[in-house]
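A short write-up of the structure that comes next.
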Amino acid sequence: MISNRSAFQIELSGKFELFRAILNECESIGDKLLVFTRSLLSLDYIEQWLERWNARSTTTSKWVRGVDYFRMDGKVSIKQRAEDIKTFNQSENTRARLFLISTMAGGIGINLYSANRVIIFDVSWNPGIFFVFFFKLKTHFQNRSSRSTSYVSFVSSWTEETCLYLSYHW
């Protein structure tokens with residue numbers, strides 16, 4: 001169990017260290033980022049981490065839910081989803097730059113066309129989920145020529161995640 005003291009020391013997690021670097025880069029160049037995860041606990045932890053980041057921030061950059069970032073999971077109403085997607089997709093809205101999405105709630109019928117970076121935060125035991133999202137994103141981004149796009153899948157070395165990830169690609 002992680003003590004309260006180390007709960008937000010992202011140096012303890014390679015995934016969060018990489019996530020922070022990508023998020024900083026996206027913010028500095030104006031990219032919008034989608035983060036998919038199968039775990040609601042991961043979404044909760046990312047949100048807590050963003051709050052903690054706000055408290056430690058010495059810059060004016062903040063992470064406010066509904067303004068700077070959005071979350072889509074099974075608890076978010078269809079009406080709220082539509083409003084969040086509309087706000088996120090506004091090209092002139094540079095503050096809306098991160099969308100956290102549960103793979104169980106955010107696969108069908110969403111159109112987040114303003115994003116140009118994607119992170120799969122954790123792999124699923126069901127390889128079909130991985131392929132659905134990969135091809136959906138590939139199809140979505142292939143028609144965009146104005147900005148480069150990137151896709152990152154976070155996989156921890158020497159874990160079951162590695163085995164799952166490799167089984168998808170072999």
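The values are calculated or read from the model by the stated rules, or taken from the named source; none is laboratory data. These figures come from a predicted structure and were not determined experimentally. Backbone-built Cβ (ideal geometry, glycine too); neighbour counts: all protein chains shown. Surface accessibility is based on the protein's heavy atoms, side chains included, excluding ligands, DNA and RNA. Shrake-Rupley method; radii C 1.70, N 1.55, O 1.52, S 1.80 Å.
Taken over region 94-109, the criterion of being open to solvent by less than 30 Å² (accessible area, probe 1.4 Å) and at pLDDT below 85 is satisfied by Thr103, Ala105, Gly106, Gly107. Scanning region 21-42 for residues that are among the acidic types (Asp, Glu) and over 17 Å from Tyr113 (Cβ atoms) returns Glu25, Glu27. Can you name the residue in region 55-82 that is in contact with a strand residue (DSSP E or B) (Cβ under 8 Å, 6 or more places away or on another chain) and open to solvent by less than 30 Å² (accessible area, probe 1.4 Å) and, of all such residues, is modelled with the lowest pLDDT? So the residue we want is Trp63.
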